[in-house]
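Peer 1: Got a structure for you, questions after.
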Amino acid sequence: MNLRTRGFHHSTMVARDSNLTIQFYRDFLGFTLLLRAANTDDPDTEQLFFGDDAGTPGTLITFLEWKNIPRGRWGVGGIHHIAFGVTSEAAQLKWKRWLNDHDVVVSGPYDRGWFKSIYFTDPDGQVLEIATAEPGYTLDEPIESLGTTVQMPRESQLRGHRDEEAIAALTHPLPVGSIEPDMRLTGIHHITGMTNDVHMMTEFYEQALGLRLIKKSVNQDDPATPHWFWANYDGKQVAPHSSLTMFGWPTSNYRARAGVGQTHHVAFRADDVEQLGAWHDHLSSMQLDVTPVLRRQYYSSVYFTAPDGLLMEIATDS
Ligand SMILES: [Fe+2]
Ligand SMILES: [Fe+2]
């Protein structure tokens, strides 16, 4: 049986204070708070679920409230940032203005080629990005052959060559009084982590999750190192909410550390409980240490750890 996940189900991060997190993600970024409840595994820990109104997989983010736990850090085996989608560059600039006017420091918009990106952090230091839908991964390769050759950024996209002053000055010309309809975030655009071996992970994501390499490039801030992308891709299209990207740090021992302001795990979709059983057996057959099928608040899931140390989950849509 060849299993391919449709894409992200949710991403779970760690926060130090649920109320602060609700203020930020619901009141300030416009997510719907879907549930506030005790964590299934650890009833002393509160968990928050945000997403679109319908709780659509791929729009979901959850937070574990870990009080009095030190800040985590990104590194190999961890996630560096999560990007939410926005439909247009104009709306992205409104976000920049909205965030800036509320004293949130924003960098960008940077031209990443396949999309434009602004960056900021949540109250715990979790790095967030808002990325445009356009122009997309077919900018530099035809849709049938994504990920086959290395795509180098233009020099003007690289750190040290960018016009940082012009980029910093670019914003929406007027104050933004509220989250306007065109600013609505469209869910998880991509999630970016760090790995010590992009080749090994290509094999793993393909075998374990059915994800395929869609882009081989370099880190624009550190062009000597790779930046690779994988997604639910069938040669005809890249599914929305499915792009996992990794900065490659070959042989690095700088490991991620769990804690506040960090991503705890990333969850991918299974159709239903029956298919989840197949996922369990499939992952077990790869000699991975997979949990039994567990019943969560909204879904059932299994957990396993990728070879680079990243905790992953497969969760059911239903
Ligand atoms: Fe990104
Ligand atoms: Fe989860």
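What follows is calculated from the coordinates using simple rules that are stated; it is not laboratory data. Note that this is a predicted model, so its numbers are computed, not measured. Quick reminder, even Gly has a Cβ in these numbers, built from the backbone with ideal geometry, and neighbours come from all protein chains shown.
Peer 1: Would you mind telling me which residue in GLY277, GLY177, GLY77 has the biggest mean-square fluctuation in a Gaussian network model of the chain, where springs connect alpha carbons within a distance under 10 angstrom?
Peer 2: GLY177
Peer 1: I'd like the antiparallel share, as a percent to the nearest 5, of DSSP beta bridges with both residues in the range 186-318.
Peer 2: Taking every DSSP beta bridge within the range 186-318, about 65 percent pair in antiparallel fashion.
Peer 1: On a straight-distance basis, which aspartates and glutamates could pair with LYS67 in a cross-link, Cα separation under 13 angstrom, same-chain partners fewer than 8 positions away excluded?
Peer 2: Reachable aspartates and glutamates: ASP17, ASP44, GLU46, ASP124.
Peer 1: Using alpha carbons only, how many angstrom separate the centre of the range 79-154 from the centre of the range 40-63?
Peer 2: Centre-to-centre (Cα) distance: 23 Å.
Peer 1: Sticking with this one: Do you know the relative contact order of the chain, to the nearest whole percent, from alpha carbon pairs under 8 angstrom that are 6+ apart?
Peer 2: Over the chain, the number comes to 24 percent.
Peer 1: Can I ask one more? Mind checking which lysines have their Cα closer than 25 Å to the Cα of LYS116? Skip sequence neighbours fewer than 8 apart in that chain.
Peer 2: LYS94, LYS96, LYS215, LYS216, LYS236
Peer 1: Next question. By the gyration tensor of its Cα atoms, with a ≥ b ≥ c the square roots of the eigenvalues, what is the shape of the range 1-43: rounded for a/c under 1.5, prolate for a/b over b/c, or oblate?
Peer 2: Taking the square roots of the gyration eigenvalues as a ≥ b ≥ c, the range 1-43 is oblate.
Peer 1: Now for a different question. What size of dipole, in debye to the nearest 20, comes out for the range 180-318 about its Cα centre when the only charges are +1 on Lys and Arg C-beta atoms and -1 on Asp and Glu C-beta atoms?
Peer 2: The dipole magnitude comes to about 200 debye.
Peer 1: When the Karplus curve 6.51 cos²θ - 1.76 cosθ + 1.60 is applied with θ = phi - 60°, which whole-Hz ³J(HN,Hα) does each residue of the range 73-85 get, with x for Gly and Pro?
Peer 2: Coupling constants for the range 73-85: 8, 7, x, 4, x, x, 9, 8, 7, 10, 10, 9, x Hz.
Peer 1: Further question on the same structure: Less than 10 Å Cβ to Cβ from MET246, Lys/Arg counted +1 and Asp/Glu -1: what total charge do the surrounding residues give?
Peer 2: Here the count lands on -2.
Peer 1: As a test of the formula, what do you get for the chain when each DSSP H run with n ≥ 4 contributes -39,500 (n - 2.57) and the sum is divided by the residue count, at 222 nm and rounded to the nearest 500 deg cm²/dmol?
Peer 2: After summing the helix terms and dividing by the residues of the chain, the value is -4000 deg cm²/dmol.
Peer 1: Any idea how far the Cα center of the range 290-318 sits from the one of the range 184-241, in Å?
Peer 2: Cα centres, the range 290-318 to the range 184-241: 20 Å.
Peer 1: If you count the DSSP beta bridges with both ends in the chain, what percent of them are antiparallel, to the nearest 5?
Peer 2: 65
Peer 1: Here is a follow-up. Could you list which residues have their amide H under 5 Å from that of HIS80, counting only those 5 or more apart in sequence or on another chain, with H placed in the peptide plane?
Peer 2: THR192, GLY193, MET194
Peer 1: Looking only at the range 1-107, where both bridge partners belong to it, what percent of the DSSP beta bridges are antiparallel (to the nearest 5)?
Peer 2: Here the antiparallel bridges make up roughly 60 percent for the range 1-107.
Peer 1: A further question on this structure: Net charge within 13 Å of PRO226 by Cβ-Cβ distance, Lys/Arg positive one each and Asp/Glu negative one each, not counting PRO226 itself?
Peer 2: Spelling it out: positives minus negatives among the neighbours equals -1.
Peer 1: Could you tell me the relative contact order of the range 257-318? Use alpha-carbon pairs under 8 Å, at least six residues apart, and round to a whole percent.
Peer 2: 40
Peer 1: In terms of the Cα gyration tensor, with a ≥ b ≥ c the square roots of its eigenvalues, is the range 264-318 rounded because a/c is under 1.5, prolate because a/b exceeds b/c, or oblate?
Peer 2: It is oblate, given that a/c is not under 1.5 and a/b is not larger than b/c.
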